[in-house]
Amino acid sequence: MSSGVVQKRRHCEQCRRPVSVCLCPYLKQLHSPVKLIIWQDPTEARHPLSTAPLLHKSMVGSRLVVADTLQPEDILLSDDLAATALLYPFTHKLPLSDTGRSNIKHLLILDGTWRKVRRLLHINPWLNELSHIAITPEQPSKYAIRSSRQSDGLSTIEAGVSALQWLDPSQNYQPVLTVLNKMVEIQQGFGHKG
């Protein structure tokens, strides 16, 4: 006979995932000379398979901000705009060059679907003035558990690793992707594709 009480699944304090699928043993924490700031769309923040929190937990000293609108001073020192690069493939101006990357001290990544990210850009027009980095994936995304309308789309953690690697070629950022690979493996074991 059922008591009608639903047991809540216990969640890991660190990765916020159910304890049975905790990803903490697979998180590889790295330091970077570039300060990483991840700006997450509020609806994306509710998605259980978002990779932004994993990227945030992997990069020591990074920030994860959830908001619709922000001003530069909300996430940066006002004089840091010139030293900030946005990870986004703008078409109205050229991306940062190899010589320009050494001036970048902050990397800003917008997290969400392409539609959600374009919305953040629209309602926060100051973002369009930032220098930007455009990543050309060398291989297809390994994020097989969520679909993208962009054939060359990457998850936030993959894009972040690529951008950090480009900004700081002296360090290998690939170990950060271990946690993504494990999350995909776990979800595929459940037959999940979304």
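Rule-based calculations on the coordinates, nothing more; no lab input. What you are looking at is a predicted structure, and each value in this text was computed from that prediction instead of being measured. Note that each Cβ is placed from the backbone with ideal geometry, even for glycine, and that neighbours are counted across all protein chains shown.
Build a GNM of the chain with springs between Cα atoms under 10 Å apart, and of VAL19, VAL184, VAL176 the one that fluctuates most is VAL19. Rg of the Cα atoms in the stretch 52-139, relative to 2.2 N^0.38 Å, amounts to 1.08.
Annotation: amide H-H contacts under 5 Å for ARG63 (H modelled 1.01 Å from N, sequence separation of 5 or more, or interchain): LEU36, ILE37, ILE38.
What the Cα convex hull of the chain gives, in volume per residue, is 144 Å³. Between the beta carbons of GLN171 and GLN139, assuming R0 = 25 Å, the FRET efficiency works out to 0.80 to the nearest 0.05. Per-residue ellipticity at 222 nm computed for the chain from its helices equals -6500 deg cm²/dmol, with DSSP H segments shorter than 4 residues left out and the rest contributing -39,500 (n - 2.57).
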